[in-house]
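A short reminder: the numbers here are calculations on the coordinates, not readings from a lab. Quick caveat: nothing in here was measured; it's all calculated off a predicted structure. Don't worry about glycine lacking a Cβ; one is built from the backbone with ideal geometry, like all the others, and counts go over all protein chains shown.
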Amino acid sequence: MPKYAIALDIGATKTLAGLISGNKIIKTKTKLTGSKKNNTEIIKNIKRIIKSLWVENINQIGIGFAGQTDNKKGVIVSTTNFNQKFKNIKLAEILQKEFKVPVKIDNDVKCFAKSEIKNGYGKIYKNFIVLTFGTGIGGGIVINNELVRGEKNIAGEFGHMKIAGTWSGVAPQCGCGNKYCFESVASGRAWLKINKKHNKNHADKIIINNISIGLNNLATILNPECFILGGGLLEHTNIINQIRKSFREHCKQPLLKDVKIFKSKLGDQTILFGALLD
């Protein structure tokens, strides 16, 4: 009988879960995360979606979580887009007690990066940056095909760097409490806010401009071979080509103009596979 695993991509808006055998996803489920509910309800939602995919011979559970995690201890440390009390949650311990199998937990975009190293653009490039543009902005750094974690596993939290971007009205406040954060002016949530005041084309231009400024900052600091982008915002028609064009218009350093910008080929399953990797 084949062995299976269950992997979850837990975002602030929705949770995608997959039943996986080897390198194939057998079945998926998507549910609202309920990130603003109380801690008990959030954990119940996680358990429910796991149970909805449960079959015999599950040998592990992997979770990519949109926030800061202690991947060694399996703890959700903090997150800016959930309720303020959802922190220091021993989620691996809770789920292992419930389901009696090993549980891995890591930041969602680090899972994204691990997938790209093993099965994506990492087969071609050794030095790259991954970013996801969803409710917030997550990031990951890969140097010489190694994921850079930093001292506390939070290297690559690009969503909270400050940029002098373009917005409408008062300077937007980020979920972390600060203003001028990258994700407050260039994420999917930021696009929704801007789109309420402008038409879609103008909102797209503002977001694309802000994304390209952020990418230029990162290119200057880390000098990657390429950027690999994902997340719901990347589903907008032709947005990847517009980001490439804007990046080159903003880039004033000749040696950085040839940095490549790709949309992940692995799609919304990227984080699921990465959640099962060490």
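Using alpha carbons only, how many degrees (0 to 90, rounded to 10) separate the axis of helix 108-119 from the longest principal axis of the chain?
Long axis of 108-119 versus the principal axis of the chain: about 90 degrees.
Tell me the label only: which of (i) 124; (ii) 169; (iii) 148 is volume of the Cα convex hull per residue in Å³ as calculated from this structure?
(i)
Angle between the Cα long axis of helix 200-222 and the longest principal axis of the chain, 0 to 90 degrees, nearest 10?
Compared with the principal axis, the helix lies near 80 degrees.
Net charge around LYS257, counting only other residues with Cβ within less than 11 Å of its Cβ (Lys, Arg = +1; Asp, Glu = -1)?
Combined, the nearby Lys, Arg, Asp and Glu give +2.
Take the residue pairs LYS47/LYS114; LYS97/LYS123; LYS27/LYS72; LYS31/LYS265; LYS27/LYS110 and return only those whose Cα atoms are more than 32 Å apart.
Long pairs (Cα-Cα over 32 Å): LYS97/LYS123.
Anyone know which of SER52, SER187, SER78 comes out most mobile in the 10 Å Cα GNM of the chain?
Checking each option, the largest mean-square fluctuation is seen for SER52.
Distance from a point 7 Å along Cα→Cβ of LYS73 to each backbone N in the stretch 132-148: keep the residues under 17 Å and list them by number.
What the label zone holds, given the 17 Å backbone N cut-off, is no residue at all.
Of the GluC sites (Glu not before Pro) in the stretch 123-183, which ones lie in a loop per DSSP and count no more than 13 other C-beta atoms within 10 Å?
Those that pass, being in a loop and sparsely packed, are GLU151.
Given R₀ = 25 Å, FRET efficiency for ASN241-THR166 by Cβ-Cβ distance, to 0.05?
0.80
Suppose R0 equals 25 Å; then what is the FRET efficiency for ILE26 and ARG48 from their Cβ-Cβ distance, rounded to the nearest 0.05?
0.85
In debye, nearest 20: dipole of the stretch 56-132 around its Cα centre with unit charges on the Cβ of K, R (+) and D, E (-)?
Values: 13 positive and 7 negative charges, 46 e Å.
Approximately 220 debye in magnitude.
With everything on Cα atoms, drop me the angle between helix 39-53 and the longest principal axis of the chain, reported from 0 to 90° to the nearest 10.
In the chain, helix 39-53 runs at an angle near 70 degrees to the longest axis.
Could you state the number of Å between the C-alpha centres of the stretch 229-244 and the stretch 184-198?
Centre-to-centre (Cα) distance: 15 Å.
Between GLU98 and ASP258, what length comes free when the chain is fully extended (0.36 nm per residue of separation minus the Cα-Cα distance, one decimal in nm)?
In short, 52.6 nm is gained.
Would you pull out the residues with amide H under 5 Å of ILE261's amide H, same chain only if 5 or more places away, H placed 1.01 Å from N?
Placed amide hydrogens put PHE227 under 5 Å from ILE261.
Any idea how far the Cα center of the stretch 27-66 sits from the one of the stretch 126-141, in Å?
Result: 23 Å between the Cα centres.
Could you work out which residue, out of THR30, THR237, THR132, moves most in a Gaussian network model of the chain, that is, has the largest mean-square fluctuation with Cα springs under 10 Å?
Looking only at THR30, THR237, THR132, the largest GNM fluctuation is found for THR237.
In the neighborhood of GLY139, defined by Cβ-to-Cβ distances under 13 Å, what is the net charge if each Lys or Arg adds +1 and each Asp or Glu adds -1?
Values: positive: LYS110, ARG149; negative: ASP108, GLU116, GLU157, GLU183.
Surrounding charge for GLY139 is -2.
About the Cα centre of the stretch 123-264, what is the dipole size in debye to 20, counting +1 per Lys and Arg Cβ and -1 per Asp and Glu Cβ, all else neutral?
The calculated dipole for the stretch 123-264 is roughly 340 debye.
Which one, LEU276, GLY74, ILE46, is farthest towards the positive end of the dipole of the chain when Lys and Arg carry +1 and Asp and Glu -1 on their Cβ?
Farthest towards the positive end: ILE46.
Mind listing the long-range amide H neighbours of CYS181? Cut-off is under 5 Å, sequence gap 5 or more, other chains count too, H placed in the peptide plane at 1.01 Å from N.
Amide H to amide H, under 5 Å and 5 or more residues apart or across chains, CYS181 pairs with CYS174.
Taking K and R as +1 and D and E as -1, what net charge do the other residues with C-beta under 11 Å from the C-beta of GLU225 add up to?
My count for the surroundings of GLU225 gives +1.
List, in order, the whole-Hz ³J(HN,Hα) value for each residue of the stretch 11-21 obtained from phi through the Karplus relation with A = 6.51, B = -1.76, C = 1.60 and θ = phi - 60°; use x for Gly and Pro.
x, 5, 9, 9, 10, 9, 10, x, 8, 10, 10
Assign unit charges at the C-beta atoms only (+1 for Lys and Arg, -1 for Asp and Glu), then state the dipole size of the chain relative to its Cα centre in Debye, rounded to the nearest 20.
560 debye
Between LYS162, LYS252, LYS87, which gets the highest mean-square fluctuation from a Gaussian network model of the chain, Cα cutoff 10 Å?
LYS252
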